[in-house]
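Reviewing the structure listed below.
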Amino acid sequence: MRIGELAEQAGTTTRTLRYYESRGLLPARRAENGYRSYDEDDLRLLQQIRTLQDFGFDLEETRPFVDCLRAGHPAGDSCPASLAVYRRKLGELDALIGRLSTVRAEVGAQLARAELEASAALPGGPEPRCELGGHP
């Protein structure tokens, strides 16, 4: 198939495919007429790349999965290098979840403090103004 057909089937653009080709993730085969030529294996490569990117993997992190498919494995994640990338990504996600949990706790504490202060009426003090609507 030609580049436009592959892009359509993969749900991407020809520009993206050319970029993947320039990065060595997609083969650069040419037919006799000079047009790029792709097959079902290339579509599988693209589907693997797209799935991983949807999961938050950057393009370079997809390389071991592509290499695994190119080596003839039925799944791109059945090779040791792919498994290592999965393990590293899980570690990154766990660290991110930890940071987000800490931030959430801090924001919750700030909200509780702000609500307590807002509910305490200051006798004789100026009435607080709401900055969003400009109303007292």
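Every read-out reported here was derived from the displayed coordinates using simple, explicitly stated rules and does not represent laboratory data. Since the model is a prediction, treat every value here as computed from it, not as a measurement. In this analysis, Cβ positions are derived from the backbone assuming ideal geometry, glycine residues included, and neighbour counts consider all displayed protein chains.
Values for this structure:
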quantity	calculated
Matching residues in segment 1-46 - criterion: being in contact with a strand residue (DSSP E or B) (Cβ under 9 Å, 6 or more places away or on another chain), without any contact (Cβ under 8 Å) to a residue 12 or more places away in the chain and among the aliphatic types (A, V, I, L, M)	Ala28
Among residues of segment 56-73, those that are free of Cβ contacts under 8 Å to residues at least 12 places away in the same chain and under 9 Å from the mean Cα position of the chain (by Cα), counted	1
Among the residues listed as Arg70, Arg99, the single one being closer than 30 Å to Glu21 by Cα and among the charged types (D, E, K, R)	Arg70
